[in-house]
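Colleague: Starting off with a structure, shown below.
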Amino acid sequence: MKIRRRDFLKGVAASTLLLAAEQSPVQAKGARKELPPNAVGILYDSTLCIGCKVCEYACKQANNKPVEHGSPSEPMWDDPQDLSAKTLNIIKRYGVEGQKDSAAGFAFVKRHCMHCIDPACVSACPVSALVKNSDNGVVTYNKKACIGCRYCQVACPYNIPKFEWDSPFPEIVKCQLCSHLLAKGGISACCAACPTGASLFGPVEKLRAEAKRRLAMQPGEYYDFPVADINGTEVQQHRAGGYVSHVYGERELGGSQVLYLAGVPFTSIGLPDLPEDSYVALADGIQYAIYKGMVYPLVVLGGLIYIIRNREDKKE
Amino acid sequence: MQERQALGGKVLTVPFKVCAAIVLIALFFLGKRFIFGIGSVTNMNDGYPWGIWIAYDVVVGTALACAGYSIALIVYVFNKGEYSPLVRPALMTSMFGYTLAGVSVIFDIGRYWQAYNIFLPWLSNLHSVMFEVALCIGTYILVLWMEFAPTMLEKFKADKLKARLNRIIFVFIALGILLPTMHQSSLGTMMLMAGHKLSPLWWSGFLPLLFLITAVVIGYAAIIFESLIASVAFKRPMEMHLLSKISALMPWLLGIYLVIRIEDVNLRGYLPLAFEGGLLGNLFLLENLLLLSALLILAYPSNRRNPQLLFIASCAMLLGGSMYRFNTYIVGFDPGTGWQYFPSVPELFITFGIIAAEVMAYLWFVKTLPVLPKLTKA
């Protein structure tokens, strides 16, 4: 029996090596995910945003969120400093002190869930509390499933999911693209409220085409810009600002349903420089290589039981 | 068959009472946590959603509790029966370590009353590394109690039940080897998803492999540490013949680990970061120097027979390995939006309480249950 056992161990060693080889990150890259058939999203154009924050107000109204006092010394009005469990959508201003020219000086950015095409939070969640709708691609949260482990927060490359730290019965809070309004045929509250069309709602394919159209515009010339809903009728005329020639969110980590255009480099408005392959695909690839649908673990378990049983029998 | 004995003696000693006091303080803060929320006792925040309760209690704690796994690998897979005196104390520390890690997860998760959702098949997400870790650790805690059950059955003279359990125990022993292999490596896979938020000195495609090796290294180091401390504390002869033999394995394991660890950072081009003098670089160096020093000590057979040097080496391995894991989860993690994290006093006390509970359980069990090998009067 000894020889057989040795053969088995050799087999184990060989398959371990095989696994190690398969684990190499290059091979572990999973396939890139496709956009859901009726994916909807938001195109945020920083050059059109005037920083009025009416979208923040509309978001809180639509999602029943309380006001937040970011500077406690002056508790006059809602002034969140960042996304939080009370604030699902925020306008931030990034800038260089003393400069007023927007291209060189400051720019606004609107932050909320990106509704990634291959969302890390959805892959991370052990109990499917975060799911991506297979039709419109919106990433939603189900508190009845959530156990509050906060792996979604660790996993999200944009730090979007927030946790109710001061509640004994906490929930994860994030933008769900007003899916309760979408269900009634509406659009997300922030886009409906935006007075300049800086936040534009619509099918992602159309938004991508619109973003490309804007990148091709002559700076300084007047063009028509749709407002609120790209499928709507409202249009405003604006002078085209100078764009950085990149649609943020088109390819970042496999792409997202929220897209950004800006007149300044995206890293200077807090949008990180990210690779095109999502970390999800990498982690999934490695998990898949190791477990192959639990086949490997079961084979190893069988081998272990065989060895140990044999040994115990011999002892008796 | 190896004979074991309960040590006997008073349970309510001074160290036991000190530990009890710490547990009481921890219970007070826990009460606060369950009434007012996690934010009322911890410094965790939306940037650092995981603090020491996960990074120490679970990620480091279960590695320290890999003694049972590491010894089972030798005794059962490599058929070295002579190490069996080390099995019971190792299994026992594993059982406590994992059980308390499980308990602290319940303190840590926000919606603990729904924790059973992990076991509902219609909610399980097979893509989630967290799902696999949670399921594996949950099952392994049960397996550890089953593996340890014969010891308790011996105490209560339940011979029939023990015989029946012994007939199927091989299934639990096999699971006791498979499950830690799975979840200890997955604890590494877990942080792959942190992507750009984890410093390149720690983020790597080799995370699963490095986490598995550190679990085994820390497991062996814990066996050596525990055995030496128990010998001194309970005035028993040292098990040097076994300990020096086990430690002959360590230079190989440490060597493989260090080659992969350093070469991986080097090949990705981030090794210069280690020498820039920043906190992260220094911690990276310290972590690996600790493991290297253990390797150098244990590489010489004469050192392995020296209890003092063996003790120092085991401490270096425990520290170095634990630091690697801790840094991967906390220090090397930076969400990049100005967030900061340092554990609060109540948060620390809850972790101390868990360690104290572990020490108390250890003292109580070795004194009342047949865990340590019986001494034959020479």
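Colleague: Rank A:L259, A:V235, A:P170 by how far each Cα sits towards the positive end of the charge dipole of the protein assembly as shown (+1 on Lys, Arg Cβ; -1 on Asp, Glu Cβ) and give me just the farthest.
Modeller: A:P170
Colleague: Show the residues, 5+ positions off or on another chain, whose built amide H is closer than 5 Å to the amide H of B:S199.
Modeller: Long-range HN contacts for B:S199: B:F333, B:D334.
Colleague: Moving to a separate point now. First select every other residue whose beta carbon is under 13 angstrom from the beta carbon of B:Y362; then total the charges, Lys and Arg +1, Asp and Glu -1.
Modeller: Charge balance in the 13 Å sphere: 0.
Colleague: Please work out the FRET efficiency for the pair B:Q5 and B:L296, using the Cβ-Cβ distance as r and a Förster radius of 41 Å; give the result to the nearest 0.05.
Modeller: After rounding, the FRET efficiency stands at 0.65.
Colleague: Would you tally the net charge around B:G332, using a Cβ to Cβ cut-off of less than 15 Å, leaving B:G332 out, and scoring K and R as +1, D and E as -1?
Modeller: Once positives and negatives cancel, what remains is 0.
Colleague: Continuing with this model, one more query. For a label point 7 Å from the Cα of A:Y296 along Cα→C-beta, name the residues of the range B:163-181 whose backbone N is under 19 Å from it.
Modeller: Within reach of a label on A:Y296, which here means backbone N under 19 Å from a point 7 Å along Cα→Cβ, the range B:163-181 contributes B:175-181.
Colleague: Also, I was wondering about something else. About its Cα centre, how strong a charge dipole does the range B:52-334 have in debye, to the nearest 20, once Lys and Arg get +1 and Asp and Glu get -1 at the Cβ?
Modeller: 900 debye
Colleague: Go ahead and estimate [θ] at 222 nm for chain B from helices alone: -39,500 (n - 2.57) per DSSP H run with n ≥ 4, summed, over the residue count, rounded to 500.
Modeller: -21000 deg cm²/dmol
Colleague: I've got another one for you. Is the shape of the range B:52-334 rounded, prolate or oblate, going by the alpha carbon gyration tensor and its root eigenvalues a ≥ b ≥ c, with a/c under 1.5 for rounded and a/b larger than b/c for prolate?
Modeller: Oblate.
Colleague: Inside 10 Å of the C-beta atoms of B:38-50, what's the mean count of C-beta atoms belonging to other chains?
Modeller: Mean number of neighbouring Cβ atoms from other chains: 5.
Colleague: Further question: Between B:F16 and B:A248, what is the spin-label point distance in nm, taking each point 7 Å from the Cα along the Cα→C-beta axis?
Modeller: Label at B:F16, label at B:A248, 4.0 nm between them.
Colleague: Give me the number: length gained by fully extending B:F36 to B:V359, i.e. 0.36 nm times residue separation minus the C-alpha to C-alpha distance, one decimal in nm.
Modeller: So the extension gain works out to 113.4 nm.
Colleague: Length gain on complete extension for the stretch A:D273 to A:A216, per 0.36 nm per residue less the alpha carbon to alpha carbon distance?
Modeller: Result: 18.2 nm gained on full extension.
Colleague: As I understand it, the dipole of the protein assembly as shown uses +1 on the Cβ of Lys and Arg and -1 on the Cβ of Asp and Glu, about the Cα centre. Which of A:G51, A:Y158, A:P297 lies farthest toward its positive end?
Modeller: A:P297
Colleague: What FRET efficiency comes out for B:C315 versus A:L35 if R0 is 56 angstrom and r is the Cβ-Cβ distance? Round to the nearest 0.05.
Modeller: 0.55
Colleague: Something else now. Can you give the mean number of other chain Cβ atoms that lie within 10 Å of the Cβ atoms in peptide A:169-176?
Modeller: Partner Cβ neighbours, averaged per residue: 2.
Colleague: First measure r as the distance between the Cβ atoms of B:Q308 and B:T139, then evaluate 1/(1 + (r/R0)^6) with R0 = 30 Å and state the FRET efficiency to the nearest 0.05.
Modeller: Efficiency for this residue pair is about 0.15.
Colleague: Same structure again: Quick one: Cα centre-to-centre distance for the range A:140-168 and the range A:183-231, in angstrom?
Modeller: 30 Å
Colleague: For A:G41, which sequence-distant residues (separation of 5 or more, or a different chain) have an amide H within less than 5 Å of its own amide H, given hydrogens modelled in the peptide plane?
Modeller: Distant-sequence amide H within range of A:G41: A:G202, A:V204.
Colleague: Here is a follow-up. Whole-Hz Karplus ³J(HN,Hα) for the range B:339-345, in order, using 6.51 cos²θ - 1.76 cosθ + 1.60 and θ = phi - 60°, x for Gly and Pro?
Modeller: So the J values, rounded to whole Hz, are 5, 10, 8, 9, x, 7, 4.
Colleague: Longer than 29 Å from Cα to Cα, which of A:K206/B:K197; A:K92/A:K132; A:K60/A:K184; A:K33/A:K144; A:K92/B:K197 are they? Say none if no pair is.
Modeller: In this structure, A:K206/B:K197 exceed 29 Å between Cα atoms.
No value in this document is a laboratory result; all are computed from the given coordinates. From a predicted model like this one, the values you see are computed outputs, not experimental measurements. Cβ sites come from the backbone with ideal geometry, for glycine too, and all protein chains shown count toward neighbours.
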